[in-house]
Amino acid sequence: MSGTLTRRVCPSALAGRLFFLCALTYIIALFGRLSYSSVMAELIASEGLSKSQAGLIGTALCGVYGVFQVFSGMIGDRISPKKLIFTGVMGSAILNLIMGMTGSYSIMLVVWAVNGVFQSFVWSPVARIFAEMMPPERRKKSCSDAAITYPLATVLVYLLASVMLATLGWRSVFLISAAMMIAVSIYWLFRMTWFERQTRENGEIETIELNEQEQKNGDSLLRLMMVSGVIFAVVGALSHGMLRDGIQSWVPSLMTENFHFGTSLSVALAIILPLVNISGVFITKAIAKKHIRNELNGSAGFFCVTIVSLLILYAVCDSNAVLSLLMMTVASTCMVGSNIMLINLMPIHFGVIGRSSSITGVLNCSAYLGSALSSYGIGVVAEHFGWRGAVLVWVIFSVFAMFLALCGSRRWGRYRHNI
């Protein structure tokens, strides 16, 4: 080691409350992203949108969100997380208001694409807060626990939609989501100001030993990713996005077409999957605590289990409904574990050089480009080659992701800190 860095971090007594504030704000922000997918079926049924039109709106958000993750990640290393998150949540709230008041397909398409920009301002700054402001003993726990926010938000949004669609209509989902985001963005602004003041006045001093590479801190983002081994995680993040959102989006269609499940059961599956995925957070934490010391090795392990489950799915996806659903649940839950390794934990190691937000942005960009590919790509493959063909695409990407993770694990092991 050839240098040290000192900084003030949040007092340990306040760390739990800071995590709760970040998690609450992010969950409510996700209402502004998931609101459309929760009412998409109703828009097709009642507003005359075709499936391709409805799918394009969702793809527009995923594509824009993914691309802007890189830019917002870089900006997030230079602008106060408090201001950037407030801008993202408030901007998304206003766009949800517009979605709830318009009936024009063209306006919806443009508004939802722009929503991807504002949504990209939220997660990377949250990751920076965990990496730079959380006390060391709470840092890893906070990042891994944050993985519960996405499936929990999915459950809450779909429950809200199921009630609102039966009573007030699809517009109310956007309007209620907007109201909640406006309220939480204001709460975030005032509460985060208080945490910043407490950290300045009473924060604990953390001393960090820097390695030779970290002392340079002048490398371009691309070179930093190559030197550290993060570049090997990019395909893993893309594959995890394809599987996480692909399975969530296409399970109802697969089960309906292959096993003639009713639409009501398909809606139930949309809620059950994220509920089961929450268990993946706790399983991953338990495994990581005892057995995982290198995030790329951990990700490779989760992809290995995913490959086995997908190969079983390939064999039974048109003959055994229970086993098919079980294998998709296993694969989806493993992707929660991979998400924790790649998106939640790897960026922490760059907090000491002020690049955690940028690394988060790149990896999250890859994940959501994978999501965008799933929205159209898996549907096209399933249309032309059947669901076996779609599952085979998932298998190929999983094998490639596992191979690259193993290739980069030694380089990453030399770069990472013990956290």
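The values are calculated or read from the model by the stated rules, or taken from the named source; none is laboratory data. Quick caveat, the model's predicted, so the values are computed rather than measured. In this analysis, Cβ positions are derived from the backbone assuming ideal geometry, glycine residues included, and neighbour counts consider all displayed protein chains. Heavy atoms of the whole protein, side chains included, go into the accessibility calculation; ligands, DNA and RNA do not. Shrake-Rupley method; radii C 1.70, N 1.55, O 1.52, S 1.80 Å.
Compactness check for region 101-204: Cα Rg over 2.2 N^0.38 Å is 1.37. Given their separation in residues at 0.36 nm each and the Cα-Cα distance between them, E137 and C304 gain 57.1 nm when the chain is fully extended. Projected over all directions and averaged, the alpha-carbon convex hull of region 294-398 occupies 6.7 nm². Measuring nothing but alpha carbons in region 115-174 and taking Rh as the Kirkwood radius, the Rg to Rh ratio lands at 1.16. Tally Lys/Arg at +1 and Asp/Glu at -1 over every other residue whose Cβ is under 10 Å from the Cβ of G103; what's the total? Overall, the nearby charge balance is 0.
Given +1 at the Cβ of Lys and Arg, -1 at the Cβ of Asp and Glu and no other charges, the dipole of region 38-184 around its Cα centre is 380 debye to the nearest 20. Please list, in order, the residues from region 33-60 whose amide nitrogen is less than 17 Å from a point placed 7 Å along the Cα→Cβ vector of V380. Label zone hits: 51-60.
For D318, no residue 5 or more places off, or on another chain, has a built amide H under 5 Å of its own. Of the peptides 83-94, 14-25, 99-110, the ranking by mean beta-carbon count within 10 Å, highest at the top, reads 83-94, 14-25, 99-110.
For region 345-350, 3J(HN,Hα) computed residue by residue from phi via the Karplus equation (6.51, -1.76, 1.60; θ = phi - 60°) reads 9, 4, x, 4, 5, 9 Hz, glycine and proline entered as x.
Taking amide H as placed 1.01 Å from N in the peptide plane, the amide H of R7 sits under 5 Å from that of E206, each at least 5 places away or on another chain. Taking the Cα centre of region 300-419 as the origin and placing charges on Cβ (Lys, Arg +1; Asp, Glu -1), which of F397, C304, S358 is farthest toward the positive end of the dipole? Sorting the options by dipole projection puts first S358.
Coordinate range of the alpha-carbon atoms in region 15-134 per principal axis, descending: 49, 26, 19 Å. Average accessible surface for the chain: 40 Å² per residue, computed with a 1.4 Å probe over protein heavy atoms with every protein chain in place. What is the percent carbon and sulfur in the accessible area of the chain, measuring with a 1.4 Å probe over the protein chains and ignoring ligands? Roughly 67 percent of what the probe reaches on the chain is carbon or sulfur. Farthest toward the positive end of the dipole of the chain, out of G377, V39, F232, is the Cα of F232, where the dipole comes from beta carbon charges about the Cα centre. Projecting the Cα positions of G203, Q119, T25 onto the charge dipole of the chain (unit charges on Cβ atoms of Lys, Arg, Asp and Glu, taken about the Cα centre) puts G203 furthest along the positive direction. Averaging 1/r over every pair of different alpha carbons in the chain and inverting the result gives a Kirkwood radius of 21.7 Å. The radius of gyration of the Cα set in region 1-44, together with its Dmax, comes out at 19.4, 61 angstrom. About the centre of its Cα atoms, the chain shows a dipole size close to 980 debye [charges on the beta carbon of Lys, Arg (+1) and Asp, Glu (-1) only; nearest 20 debye]. Taking every DSSP helix (H) stretch of at least 4 residues in the chain, weighting each as -39,500 (n - 2.57) and dividing the sum by the residue count yields a mean residue ellipticity at 222 nm of -27500 deg cm²/dmol. For the pair I79 and T6, the difference between a 0.36 nm per residue extended length and the Cα-Cα distance amounts to 24.3 nm.
Of the cross-linked pairs K83/K140; K140/K285; K83/K285; K141/K289; K82/K140; K83/K141, those separated by over 19 Å at the C-alpha level are K83/K140; K83/K285; K82/K140; K83/K141.
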